[in-house]
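The block underneath contains the structure these notes are about, expressed in structure tokens.
The values are calculated or read from the model by the stated rules, or taken from the named source; none is laboratory data. Since the model is a prediction, treat every value here as computed from it, not as a measurement. We place every Cβ from the backbone using ideal geometry, glycine too, and count neighbours over all the protein chains shown.
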Amino acid sequence: MSEFSLVHQSRKPTRGDGPHPALILLHGLGSNEDDMLMLAPYVDPRRYVFAARAPLPYHSSGYAWYDLVGEGPGLGGRSIDESVRSCLVGRALDGVSW
């Protein structure tokens, strides 16, 4: 199984028999995973909910998915789509273990 390399918060499904679809929530500029996980109570309880933290620090307590000025060191020259995909796709393909 691949390692999930982003800091994240998650909520397990509370209803239904598996397999359970997953919903991956990505926050906006200057926010973090905690803000997104607050939406979990409004999501179908048969779903896994993952709220991922962007890799680049932004201001005091927020994060960004990419550097607004240039290529961010956390992205290694990749686009935001490539960066997010590389962190999340392996986990989705391998399944989730608790």
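Points worth noting:
- Filtered residues of the stretch 42-56 (kept if modelled with pLDDT of 90 or more and of a type outside the set (A, V, I, L, M, F, W, C)): Tyr42, Asp44, Pro45, Arg46, Arg47, Tyr48, Arg53
- So Gly70, is it buried (at least 16 other Cβ atoms within 10 Å of the Cβ), at pLDDT below 60 and either more than 10 Å from the chain's Cα centre (by Cα) or assigned to a loop (DSSP other than H, G, I, E, B) (or both): no
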